[in-house]
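A quick write-up on the structure given underneath.
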Amino acid sequence: MRRGFIGESYLIMGEAPHTIAVAGTTPFSLVLAGLLAADHGRKVFVVGDRPSVHDVPPPPSFSVTPVTRPQTLQLALASGPDMLRRIGRVAPDAIERTDLLVRAGTPYHETALSHFRHLATGYGQVVEREDADGGGTILRIRDATRLSPSGLAGHVRDWAERVGIEWIENAKTFSARRNGTALLGGKDIDQLVLADDAAILAWLDASIIERMGRVRDDLAYIAERGHGVALPSLSLADGTLFDPLRDGTLAIHADNTDGLADARIAAALPQGAIVRKAARKGRTRLDTHDGAPVVGTPPRSKVYITAGLGPLDVALAPVIARHIMGEAHGFEAEWCGMRAPGREMSGSTVAEIAAGVAP
Amino acid sequence: MSQPNRFAASVPPEFANPLIDRTRPIRFTVNGMRVEGYDGDTVLSALLANGVVSAGTQSGFGVALDEWSAPPVIVAGAPAQMPMALCPAVDGAAFHTVAASKAAAPFRRLLARGRDSLGHDLDAPRVPGSWIDAEPDETRHTDVLIVGGGVAGMAAALEAARGGSQVTLVERNMVPGGMAVFFGKTDGETPPEEITASLAAEIAAHPAITVLVRAEVFDLSDGVARVVQVVRENSRPRPRVLTIGFSGAVLATGAEERLPIFPGNRLPGVVAAGFAWRMARQYGIWPGETFHLHTATNAGYRLAILGSESGKTVLRATDPRPDPRTRFIEFCKAYGFRLGWGTAIASARPERSRLVIGLDEHQFGTDANEPVKAHALIVSGGWQPVIGPWLLAGGTASWDAARGQLMGEGTSDRVVLAGSVTGIAGTTGCIESGKASIGQLRDGKRRAVADPRIDEIHESRDGEFSVRAPASHGLPPAWLGPSRRAAMTEPPQRGIATLLPRRPGQEVDIRAADVADISGAIAGGTIAPRDAPSYSAQWHILPQAFKAPAPPAVPTHSAPGLPGYLKGRFGLSQAQWRLEPDGARAFEPGCLIFINTDETHPANTIGTIVSCTSTDCIALMARTEFGAGDIVYVRDGTACTPARLRGKV
């Protein structure tokens, strides 16, 4: 079964596309588009609104976050540092070295974090266990690199022009075909890549989405200065993420599928902290059923999709770009093949620590 | 303290019936400072009457005390905060203003220009009134909620009540009426004074209409409005937070004045024309003996006439429009005011108790030789529909470049707009719009409303949103909005000046934005007009604190067997083994297992600890040549401990 997926993957990617449309507006989408244009020499169109510096940013990307599959961590650690360094040259204020705190919250997540800690330590990462106020475990991942979406947003326009990316903000002139190609104002595009959850939900058949995962609602806030949160911190049990920004405010991301994002955030804040809302934005996200990434083309469709990469998305972007171009070999190809969209989700052999509900 | 800003003697009929009762003087204190007033005053109006015209200091300059800057107040002994503009002044009460920080005592007087300031340090982080985080004192339901008691709101309330609905009308001021009178009467139409009086009388007499005065809707979503009202209880003011559920709501919230953007636009003494008019009409207050009127609207000229008729001196009246035409200008000419068209305010600077107002004439350039020195600069910069509640209710907004206004768009469940908030200008149109809004609530269909206007040949349209960035250093900030969230940036420093520290306060105060902040930022070029819808949706929110939680339950994941993230970790032939560690020690879950002590790389691991106590240790192992009795090595950090495989579980 596994071999078949890999074979299918090679088959699809056998003929590298010349023109590629990357639908998505997250930093990962833009980085992926940039790699396809700059490293692989393709004509790339980005479909979606340009990120605004005023937007409540999407969640940040990190060079390392809790995962339990050694292969995923190995790939991220191999390609991430160089990737983030390159982004740092384009957008210096987007890249920052920081410690990341990860809070377990439940015994299940404590155990999962323990697995991650030993794995990450084996790969040379400094990951320390700290006692949490009121019990539980906190891991401090030292010296992680963070990509701040708001830091990147201000540089996107110049950078896109430099690498020759064309921006398609008016989606009316754009249509996708099931065979993986797309039509842009009467012009054929060889390959459509759905590179973020919003793009997947907008362009992909609902039946394929249902097979892959569940649609969830996220709520993101910017909180006023004076919040008292010094470091990025992730509550593993419910996915609540605090991301202190350079301007002194705090970006907060929480699951709001049940309308209880505010309560989750309040529970995760330091005791006694009065943190005020300044801005708010709702988003939808796709949680894969097994909590693991999805990369490749779904059965009976040749549209390339990426989902569930989590905060390691940018670190893994070079791998995904090579896979799209059919240039992924060996370990990378196997990793991507194992995470193809058509895989069996029940009893998945690549399942990850899913935020919220365990697979 | 005397009341230097209170009208003394004769005033025009428009100001002859204030809400205050001059036969009932009162005395109270604010932050220990003695304040005199009259029954009917608010704390804000009494302070202004007593010459307290500054809320404090920001970026090194004073900030005008008005509805935008007035800090919440508390009554001594009671912690509940009240909006100063809604809080009645009460004889003998001791009020205190609430702010994050006040200037240090030795400097307060210096910063405060004597006794004309509350002395707040407005560079400190802003803290909104505590009512936005408060639990409701009362919950009620109404069929139709009307927000705003101007002519549109009153017409809507009557229309709904006549149709059999129970109506609640929420009004900020002590009496409904709105701003219709401010715009003056039009030939051939019933004077707005008569219209508002008639509507108000009808409302007061209608049993199905409840009017909440001194009340403000501060949140509106999901069919529920949250209102703060200041009531008198045992002769003391007290805030009351109400939650009002509604079947339908009409937002007749009107329009507020746009703040023209120029350096010094929030200095004490700079007063919006609409606010100046309301203070004069309701409380008999005028900001100083001499004033300069700068107006981009026709109605603004009325302030020159009314001020002059009240015994104040109009030093000059300027208009940025090159050729404004309005009947009010003819009156101004008849009074002999010095008028100037095509003139912008270049800057305003404080000088003792006056403002030095630099003018910039389109034709002749900056007239540095003849600045105007006046006690007050009354500005009328055009109007911005008050769409804040509309945005909170789920409506959207877009920038209307022709009007220079952020306009409400889209739809909102059970909520409709009426009156000047929709862009309607005339009294007749507002009344019709109010009535039509009730029909729209009933059947969901929007109705066209006629808004007859005088031809432009006779009455010019309002001028553009005026924006003037600082031309040099050292000027007071040119705030983009009245709440002073962000200011126009100064020109870059050159030469040796680059070594000097940058004046604070030029960066954006990152907090939720008012509609006026957003429209100012668009006009000032810091937000692109195309970003207006998304920016408004994201940044116009209630700045509530995240509250103490009832945290949602987190799944316990207590299903038996291996957790999902370990399935297939070592291939499809992986198996669980019981281990016996050397020395009966316990390992953490996740410790990696190797074939020898040299290996450390996770890629070469043959297993991992699943669970381990001092008596029972289970590992997940890859299929290898190892069998029961063989030794493997468990790595926990730098320590590597041998363990014997006992058998499969």
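Read-outs: derived from the displayed coordinates by stated rules, not from any lab. The shown structure was predicted, so the numbers you read here are calculated from the model rather than taken from an experiment. Cβ: placed from backbone, ideal geometry, glycine included. Neighbour counts: every protein chain shown.
Figures for the structure shown
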| item | result |
| --- | --- |
| Residues A:D133, A:D197, B:D21 arranged by fewest to most Cβ contacts within 10 Å | A:D133, B:D21, A:D197 |
| Relative frequency of Cα-Cα separations exceeding 20 Å in region B:278-362, percent | 35 percent |
| Long-range HN-HN contacts of A:T19 with modeled amide H, under 5 Å | A:D190, A:Q191 |
| DSSP beta bridge pairing in the protein assembly as shown, given as percent antiparallel to the nearest 5 | 70 percent |
| Long-range HN-HN contacts of B:A255 with modeled amide H, under 5 Å | B:V386 |
| 15 Å cut-off, amide nitrogen to a point 7 angstrom out along B:A584 Cα→Cβ, residues in region B:606-647 | B:613-617 |
| Amide H partners (placed H, <5 Å) of B:G269, local residues excluded | B:L65 |
| Shielding by partners, peptide B:270-283 (average Cβ within 10 angstrom, other chains) | 0 |
| Qualifying aspartates and glutamates (Cα of each under 19 Å from Cα of B:K333; at least 8 residues distant if same chain) | B:E309, B:D319, B:D323, B:E459 |
| Segment B:N234-B:N31, length gained on full extension (0.36 nm per residue, minus Cα span) | 70.9 nm |
| B:R446 paired with A:E327, simple spin-label distance in nm, labels 7 Å along Cα-to-beta-carbon | 5.2 nm |
| Gain upon complete extension [B:D187, B:S472; 0.36 nm per residue less C-alpha separation] | 97.9 nm |
| Straight-distance crosslink candidates among lysines, where the alpha carbon sits under 17 Å from B:K435 and sequence neighbours closer than 8 are dropped | B:K445 |
| Residues B:N17 and B:E289, FRET efficiency given R0 of 22 Å [Cβ-Cβ distance, rounded to 0.05] | 0.40 |
| Exposed trypsin sites (Lys or Arg not before Pro) absent: longest stretch of chain B, with sites in DSSP loops and at most 10 other Cβ within 10 Å deemed exposed | B:1-351 |
| Nearest-0.05 FRET efficiency for B:N604 and A:D93, computed from C-beta distance (R0 41 Å) | 0.55 |
| Two-decimal ratio, the protein assembly as shown, of alpha-carbon radius of gyration to 2.2 N^0.38 Å | 1.09 |
| For region B:567-648: rounded, prolate or oblate by the Cα gyration tensor [a/c cutoff 1.5] | rounded |
| Label point 7 Å beyond Cα of A:D190 along Cβ direction - residues of region A:137-172 with amide nitrogen under 18 Å | A:164-166 |
| Beta bridge orientation in chain A: antiparallel %, DSSP, nearest 5 | 75 percent |
| MRE, 222 nm, helices only [DSSP H, n ≥ 4, -39500 (n - 2.57), over chain A, to nearest 500] | -9500 deg cm²/dmol |
| C-alpha long axis of helix B:273-283 to longest principal axis of chain B, angle in ° | 70 degrees |
| Mean-position separation - Cα centroids, region B:578-609 and region B:274-290, in angstrom | 82 Å |
| Value of relative contact order over region A:2-338, rounded to a whole percent, pairs C-alpha under 8 Å and six or more apart | 26 percent |
| Percent antiparallel among DSSP beta bridges (both partners in chain B, rounded to 5) | 65 percent |
| Percentage relative contact order, chain B, counting C-alpha pairs under 8 Å, at least six apart | 12 percent |
| Cross-link partners of A:K281 among lysines (Cα-Cα below 20 Å; sequence separation of 8 or more within a chain) | B:K547 |
| Cα-based convex hull, chain B, per residue volume (Å³, whole number) | 244 Å³ |
